[in-house]
Amino acid sequence: QVQVVESGGGLVQPGGSLRLSCAASGSISSISTMGWYRQAPGKQRELVADVESNGFVRYDYSGKDRFTISRDDSKRTVYLQMNSLKPEDTAVYYCKISTTSGIFWGQGTQVTVSS
């Protein structure tokens, strides 16, 4: 069984920063892509950023200059450093782990950007 657990969300003022973490555990075969998605109320889930095992990174346009994704394969963990946060970044952030035996999602962590 595979578990994917996100942490690091919370309430932050506009212009502030947060660092999200996502750790995968359990019977995991080779991990290919690790990524972050988000879903705001009334909107579809959308890609924020993901990183492949070879280091190739993909960002959504809105976060490209403010967010940084990284991974530590020894810990099966992916991070999302978010800077200069805006109210429109408010959403539930989900972690997605793609492996040779399937795709696994975390339960999400709430990020609220508000003064």
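The values are calculated or read from the model by the stated rules, or taken from the named source; none is laboratory data. From a predicted model like this one, the values you see are computed outputs, not experimental measurements. So basically every Cβ, Gly included, is an ideal-geometry build from the backbone, and we count neighbours across all protein chains shown. For accessibility, only protein heavy atoms count, side chains too; no ligands or nucleic acids. Shrake-Rupley method; radii C 1.70, N 1.55, O 1.52, S 1.80 Å.
Summed over region 87-115, residues that are surrounded by 14 or more Cβ atoms within 10 Å (Cβ to Cβ) and either in a loop (DSSP other than H, G, I, E, B) or touching a helix residue (DSSP H, G or I) at 6+ places or on another chain (Cβ under 7 Å) (or both) total 5. Within region 1-24, being open to solvent by 50 Å² or more (accessible area, probe 1.4 Å) and under 17 Å from CYS95 (Cβ atoms) holds for GLN1, GLN3, VAL5, SER7, ARG19. Which one is farthest from VAL51 (Cα to Cα) among residues in region 1-40 that are at pLDDT below 95 and part of a loop (DSSP other than H, G, I, E, B)? In this case the residue turns out to be GLN1.
Between SER70, SER74, the distinction of being among the hydroxyl-bearing types (Ser, Thr, Tyr) and loosely packed, with under 14 Cβ neighbours inside 10 Å belongs to SER74 only.
Screening region 44-56 for residues that are without any contact (Cβ under 8 Å) to a residue 24 or more places away in the chain and assigned to a loop (DSSP other than H, G, I, E, B) and picking the one that is nearest to THR109 (Cα to Cα) gives GLN44.
Against the condition within 19 Å of VAL4 (Cβ to Cβ) and hydroxyl-bearing (Ser, Thr, Tyr), how does THR100 come out, does it pass? So THR100 fits the description; yes.
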